[in-house]
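Just below is one structure, and these are the notes that go with it.
The values are calculated or read from the model by the stated rules, or taken from the named source; none is laboratory data. Just so we're clear, the structure is a prediction, and the values are computed from it rather than from any experiment. Glycine gets a Cβ as well: all are built from the backbone with ideal geometry, and neighbour counts include every protein chain shown.
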């Protein structure tokens, strides 16, 4: 009884058990989706090996002194930036993106390390501020730290990963206590840029909203004018950025706006994924019995579209169990971040939570047709060694904070 209490006091099984189950669900889905694909037949064994290694790394990260994470924040960030620059020169191009480094036959995405490095260094910088960030200088520095890797990632170009960075930057700033006006300064250019993609009327409507908001905030005319100019620039240069994207990314954006416009091209994956999800019914067709899965109607369904494999073969029940496991994990991380009194650790946990959540919401959303198909894996479930490794490192940080919570909470 005493041993059980000591284990519960030092180790949060509520973090590890849901992830272990999700990993096993992912292995089943990867095995099923690659069974009849000779080009991906080895992915199951690779994922299993990566999984064993990642769980070992999880316990290593869990065991190190908690103050190590703040110590390695700057080196991790700088090393990740170096890798992001290297990949632009010698990176391996896959699906139009030059985002992979080949190491002895293994693929590695530097952007995965950059996520962790950005979370750590933003948390370290913002935790040095004893009050909420309200000054333009603080917001600018925080945004600069966050957007330097985004610029490098956009050059690959990798639009999906860039969305993850936008989300984690916003989440950390919000948790730090950014003012409503500061939140408006951060969000309004992005919202206006998105509005411009849908047409002139949407752009004008967004611009009117920005002008009314600036009037209501009652800031000085020079500052308000600067924010308005920033928003105008975001809107006008959206088409330029859009043209700078690779062709397949442009078609993905167009297919999100109207998937049925090109059902055999850009919109094919989204349409077939919805067919697979819908055909699963309540209990699913059974393991290895999904027609969409076994006949390979959806390309590379063991990565970005693995959720439709779960939906087709395990049905509504399988998808709900998967969603429930993620929800439980998110709640545990949020409770831990809320209880942490050390601000650096609290901000770091929110950054980790935001990475998991953004991947989750976009991946599931693009499978059911409510989000653009931008190529983000489902955490702990989709095939991918570097993604799984990073996710387990971040989970190890959360478990480490739980272990030492009496010292830092």
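Scanning for something farther than 14 Å from residue 25 by Cα, in contact with a helix residue (DSSP H, G or I) (Cβ under 7 Å, 6 or more places away or on another chain) and either at pLDDT 80 or above or surrounded by 15 or more Cβ atoms within 10 Å (Cβ to Cβ) (or both), does segment 317-327 turn up at least one residue? Checked against the condition, which is being farther than 14 Å from residue 25 by Cα, in contact with a helix residue (DSSP H, G or I) (Cβ under 7 Å, 6 or more places away or on another chain) and either at pLDDT 80 or above or surrounded by 15 or more Cβ atoms within 10 Å (Cβ to Cβ) (or both), segment 317-327 yields no hits at all. A single member of 371, 366 is under 20 Å from residue 320 (Cβ atoms) and buried (at least 23 other Cβ atoms within 10 Å of the Cβ), and it is 366.
Considering segment 146-173, the residues that are assigned to a helix (DSSP H, G or I), closer than 16 Å to residue 112 by Cα and more than 16 Å from the chain's Cα centre (by Cα) include one that is modelled with the highest pLDDT, namely 148. Hey, does segment 300-312 have a residue that's under 22 Å from residue 380 (Cα atoms), part of a helix (DSSP H, G or I), modelled with pLDDT under 85 and in contact with a helix residue (DSSP H, G or I) (Cβ under 7 Å, 6 or more places away or on another chain)? No. Do we have any residue at all in segment 106-128 that's out of contact with any helix residue (DSSP H, G or I) (no Cβ under 6 Å at 6 or more places or on another chain), surrounded by fewer than 15 Cβ atoms within 10 Å (Cβ to Cβ), at pLDDT 75 or above and not in a strand (DSSP E or B)? Yes; the residues of segment 106-128 include at least one that is out of contact with any helix residue (DSSP H, G or I) (no Cβ under 6 Å at 6 or more places or on another chain), surrounded by fewer than 15 Cβ atoms within 10 Å (Cβ to Cβ), at pLDDT 75 or above and not in a strand (DSSP E or B). Within segment 7-38, the set of residues being within 20 Å of residue 331 (Cβ to Cβ) and not in a helix (DSSP H, G or I) comprises 11, 12.
Only one of the numbered conditions (1) under 15 Å from residue 143 (Cβ atoms); (2) touching a helix residue (DSSP H, G or I) at 6+ places or on another chain (Cβ under 6 Å); (3) crowded, with 20+ Cβ neighbours inside 10 Å is violated by residue 159, and that is (1).
Given the structure, is residue 345 touching a residue at least 60 places away in the same chain (Cβ under 8 Å), more than 14 Å from residue 164 (Cβ to Cβ) and exposed (fewer than 15 other Cβ atoms within 10 Å of the Cβ)? No: the conditions fail for residue 345. Applying the set (1) exposed (fewer than 15 other Cβ atoms within 10 Å of the Cβ); (2) within 19 Å of residue 354 (Cβ to Cβ) to residue 137 leaves exactly one unmet item: (2). Only one of the numbered conditions (1) surrounded by fewer than 17 Cβ atoms within 10 Å (Cβ to Cβ); (2) at pLDDT 95 or above; (3) within 30 Å of residue 341 (Cβ to Cβ) is not met by residue 56, and that is (3). On inspection, residue 386 passes the criterion of being in contact (Cβ under 8 Å) with a residue 60 or more places away in the chain, surrounded by fewer than 24 Cβ atoms within 10 Å (Cβ to Cβ) and under 22 Å from residue 47 (Cα atoms).
Number of residues in segment 384-409 that are within 15 Å of residue 51 (Cβ to Cβ) and either at pLDDT below 85 or over 15 Å from the mean Cα position of the chain (by Cα) (or both): the value is 2.
When residue 376 is tested against (1) modelled with pLDDT of 90 or more; (2) under 24 Å from residue 173 (Cβ atoms); (3) under 15 Å from the mean Cα position of the chain (by Cα), just one condition goes unmet, and that condition is (1).
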